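Beneath this line is the structure, given in structure tokens, with notes to follow.
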């Protein structure tokens, strides 16, 4: 299973660099240091918000090809899914950070580290320690985090070219944790739907 995971990480790195370079050459790209830009800044400068949305739209414009590219990693011992963050989810996350995370005085790159996300669900159990070890040995530039909290059990790996680039997130789940992890995500989704009904009239 570790070899399959390494192959996936290698592939994500390649796809990430290729698409990031393509994004940087697009007419919608703005060179913004997302580490020095705070979430609260997005409320005062609409161009910052638009830049996140344009990147999200750029990913969606390439989503069919990405789906085809990642299909090769669906095997009898692993299931891989991808997704781009919805616009309303981006809006909700901004408001959530403003209310619950230092009044939004958090770098945008930390808040939006998952505009594009990949998830692998492993049939053969992989421990966080194994993943951390292989990342530290072979992928020193990648950020690896034990993101387990309460019922949610997962390791997240982040791909970032530099502070001017949006990150990609790889979630690594074990099949034995899938049900509880989905329930954990559903709770977050319920909070999001409640927010959307209150702020968007349910539309």
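Length gain on complete extension for the stretch residue 33 to residue 101, per 0.36 nm per residue less the alpha carbon to alpha carbon distance?
Taking 0.36 nm per residue and subtracting the Cα distance, the gain is 22.5 nm.
Could you tell me which of rounded, prolate or oblate describes the range 1-105, using a ≥ b ≥ c as the square roots of the eigenvalues of the alpha-carbon gyration tensor, with rounded for a/c under 1.5 and, failing that, prolate when a/b is larger than b/c and oblate otherwise?
Values: a/c = 2.33, a/b = 1.73, b/c = 1.35.
Since a/c reaches 1.5 and a/b is larger than b/c, the shape of the range 1-105 is classed as prolate.
Which of 155, 37, 75 has the fewest other C-beta atoms within 10 Å, and how do the rest follow up to the most?
75, 37, 155
For the range 1-140, what's the relative contact order in percent, using C-alpha pairs closer than 8 Å and at least 6 residues apart? Walk me through the numbers on the way to the answer.
Details: 108 pairs, mean separation 43.9, N = 140.
So the answer I get is 31 percent.
If I build a Gaussian network model for the chain, linking alpha-carbon pairs within less than 10 angstrom, which residue out of 53, 120, 179 has the largest mean-square fluctuation?
For the chain, modelled as a Gaussian network with Cα springs under 10 Å, the answer is 179.
For the chain, set up a Gaussian network in which alpha carbons nearer than 10 Å are linked by springs, and say which option among 180, 36, 100 fluctuates the most.
100
Which residue, 31, 153, 79, has the most motion in a Gaussian network model of the chain that connects Cα atoms within less than 10 Å?
31
For residue 151 and residue 88, compute 0.36 nm times the residue count separating them, minus their Cα-Cα distance, and round to one decimal in nm. Working shown, then result.
Details: separation 63, 0.36 × 63 = 22.68 nm, distance 2.54 nm.
Here the answer is 20.1 nm.
So what's the back-of-envelope 222 nm ellipticity for the chain, counting only DSSP H runs of four-plus at -39500 (n - 2.57) apiece and dividing by all residues, rounded to 500? List each step's numbers first, then the result.
On the way: 8 runs with 103 residues, N = 203.
So the helix-based figure for the chain works out to -16000 deg cm²/dmol.
Please give the contour-minus-distance gain from residue 50 to residue 14: 0.36 nm per residue of separation, less the Cα-Cα distance, rounded to one decimal in nm. Mind dumping the intermediate values first?
Details: separation 36, 0.36 × 36 = 12.96 nm, distance 2.64 nm.
Once the chain is fully extended between residue 50 and residue 14, it gains 10.3 nm.
In nm, to one decimal, how far is the modelled label at residue 125 from the one at residue 1, with both set 7 Å along Cα→Cβ?
0.8 nm
Values quoted throughout were computed directly from the atomic coordinates according to the rules given, and no laboratory measurement underlies them. Worth saying up front: this structure is predicted, and the values here are computed from it rather than measured. Please note: Cβ atoms are built from the backbone with ideal geometry, for glycine as well, and neighbour counts cover all protein chains shown.
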